[in-house]
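Every number here is computed from the coordinates shown, using simple stated rules; none is lab data. Remember, it's a predicted structure, so these values are computed and weren't measured experimentally.
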Amino acid sequence: DCTVDPASPVVAGKSFTFHNWCIGEGGSEFNKGNNYLRGRSADGLSFKTLTETMRHLGHDSVDVLKFDIEGFEWKLFSTEILSGRNLPRQLAFELHTEGSKPIAV
């Protein structure tokens, strides 16, 4: 969750590495209508594409990509996953269908 403060007890001092950035595109157009931010501005958040994240972490493949991004699944599919650049072996996600195209659900 890229909206979590790295100092929060939810992530601080745990046995995993927390990377404080969002997967996707930043900018007001991408975040327009984003209920996930709960009225907060995305200005202070850092965004990286999946490709940028993989490069930054030194990965050339993804075994499992798990995400719950409150309606932005479609954007991630269209810009990152279905483009075929970095196909994960497995996906685990919560899908929000409200407002989506009927043919897609």
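Give me the number: length gained by fully extending T3 to V64, i.e. 0.36 nm times residue separation minus the C-alpha to C-alpha distance, one decimal in nm. It would help to have the intermediate numbers written out before the result.
Numbers: separation 61, 0.36 × 61 = 21.96 nm, distance 2.16 nm.
Result for the pair: 19.8 nm of gain on full extension.
Compute the length gained on full extension between L95 and W74: take 0.36 nm times their separation in residues and subtract their Cα-Cα distance, giving the result in nm to one decimal.
Values: separation 21, 0.36 × 21 = 7.56 nm, distance 0.85 nm.
Gain in length upon complete extension: 6.7 nm.
Note the full-extension length gain between L82 and K14 as 0.36 nm times their separation in residues minus their Cα-Cα distance, in nm to one decimal.
Taking 0.36 nm per residue and subtracting the Cα distance, the gain is 21.2 nm.
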